[in-house]
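Contents: one structure, followed by commentary.
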Amino acid sequence: MQLPHEILARAVAADATRPALTYYDDRPEGAGERIEISRKVLGTWVAKAANALQEGLDVQPGSVVLVDLPAPHWRLAYWALAVWSVGATLTVDAHEGADVLVTARPDGLVADDCDEVVAVTLPALARRFDGELRSGVMDEAAELASYADDFTPWDEAEEGDTALVSAGERVTYAKLLTGLPDLPEGARTLVTTGDPGHFVRQVLQLLDRRASAVLVHGGSAADDDPRWSTEGVDHRSAPGTGDGGPPTDR
């Protein structure tokens, strides 16, 4: 079994400059933002977030990290991979008493039940969180850059450890890639799922298959959208359980 951080490292080694994620923000407040992230850059984001979890927040195997970010979003992708790099349990379900909460809503009720909170600002160019943060909350936009670009885990997860909690189901590290629809090697894949648990597993599968993803947040993912031809999309992923179509605003 290859652990998620090993899958990412293998993808970077195969072709560091190839796009891993291309993200479109079609929400009214998104102003048409388009972000393209290479495998190397994705690896850097993951390393910084993993170092923040491990060194700054004492996350380790057995810790529970609740990532409350929208799907499909590039920030959800690297935070999920960071949690797995540390060997902790990622939950996308509301979880009382999670060791760490990573969220764009640090003043929400869920934050009151978590030991540590990381405030995430979704726009790519943000330099600090837009709003007041209570004492002790990590401002990702202001603080993440201070962490190293490389990551070495102090400990690693075991195959039977819980990697993901989603929709009440627990998935072990050994089964993160089990049961997903087949994905062609090297595909340029349009990912439309609004299910965060399904999305993070799809991202890992894309890296494992040396594929890349085009993500759309809060807008139309119609088959005839000319962007897909421009982006070279040649495959469309299956939606996750409970998806009702294109990703919804959040």
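The values are calculated or read from the model by the stated rules, or taken from the named source; none is laboratory data. Predicted, not measured: the structure shown is a model, and the values here were computed from it. With ideal geometry, Cβ positions are generated from the backbone for all residues, glycine too; neighbour counts draw on all protein chains shown. Heads up: the accessible areas ignore ligands, DNA and RNA and are worked out on the full protein's heavy atoms, side chains in. Shrake-Rupley method; radii C 1.70, N 1.55, O 1.52, S 1.80 Å.
A compact table of results
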quantity: Candidate set from region 67-82 (those that are of a type outside the set (Gly, Ala, Ser), touching a helix residue (DSSP H, G or I) at 6+ places or on another chain (Cβ under 7 Å) and more than 11 Å from Pro196 (Cβ to Cβ)); member that is surrounded by the most Cβ atoms within 10 Å (Cβ to Cβ); calculated: Tyr78
quantity: Test: Pro61 is touching a residue at least 24 places away in the same chain (Cβ under 8 Å) and surrounded by fewer than 21 Cβ atoms within 10 Å (Cβ to Cβ); calculated: yes
quantity: Boolean, Leu190 is surrounded by fewer than 16 Cβ atoms within 10 Å (Cβ to Cβ), modelled with pLDDT under 95, in contact with a strand residue (DSSP E or B) (Cβ under 7 Å, 6 or more places away or on another chain) and hydrophobic (A, V, I, L, M, F, W, C); calculated: no
quantity: Of residues in region 193-226 being assigned to a loop (DSSP other than H, G, I, E, B) and open to solvent by less than 10 Å² (accessible area, probe 1.4 Å), the one modelled with the highest pLDDT; calculated: Ala211
quantity: Search result, residues across region 15-51 that are surrounded by fewer than 21 Cβ atoms within 10 Å (Cβ to Cβ) and polar (S, T, N, Q); calculated: Thr17, Ser38, Thr44
quantity: Matching residues, region 156-192, being closer than 30 Å to Asn51 by Cβ, assigned to a loop (DSSP other than H, G, I, E, B) and among the polar types (S, T, N, Q); calculated: Thr178
quantity: For Gln2: the one exception among (1) more than 15 Å from Ala157 (Cβ to Cβ); (2) at pLDDT below 95; calculated: (1)
quantity: Cβ-Cβ under 9 Å pairs, at least 6 apart or on other chains, region 1-15 side touching a residue at least 24 places away in the same chain (Cβ under 8 Å), far side surrounded by 20 or more Cβ atoms within 10 Å (Cβ to Cβ) and among the hydroxyl-bearing types (Ser, Thr, Tyr); calculated: Met1/Tyr173; Leu3/Ser85; Leu3/Tyr173; Pro4/Ser85; Pro4/Tyr173; His5/Ser85; Leu8/Ser85
quantity: Condition met for Leu144 (open to solvent by less than 60 Å² (accessible area, probe 1.4 Å), under 30 Å from Leu190 (Cα atoms) and either hydroxyl-bearing (Ser, Thr, Tyr) or assigned to a helix (DSSP H, G or I) (or both)); calculated: yes
quantity: Pairs where the first residue, in region 102-126, is free of Cβ contacts under 8 Å to residues at least 24 places away in the same chain and within 12 Å of Glu140 (Cα to Cα) and the second is open to solvent by less than 10 Å² (accessible area, probe 1.4 Å) and part of a loop (DSSP other than H, G, I, E, B), C-beta under 9 Å, 6+ apart; calculated: Val117/Pro106; Ala119/Pro106
quantity: Residue in region 110-124 that is over 25 Å from Asp161 (Cα atoms), at pLDDT 95 or above, outside any strand (DSSP E or B) and within 13 Å of the chain's Cα centre (by Cα) present; calculated: yes
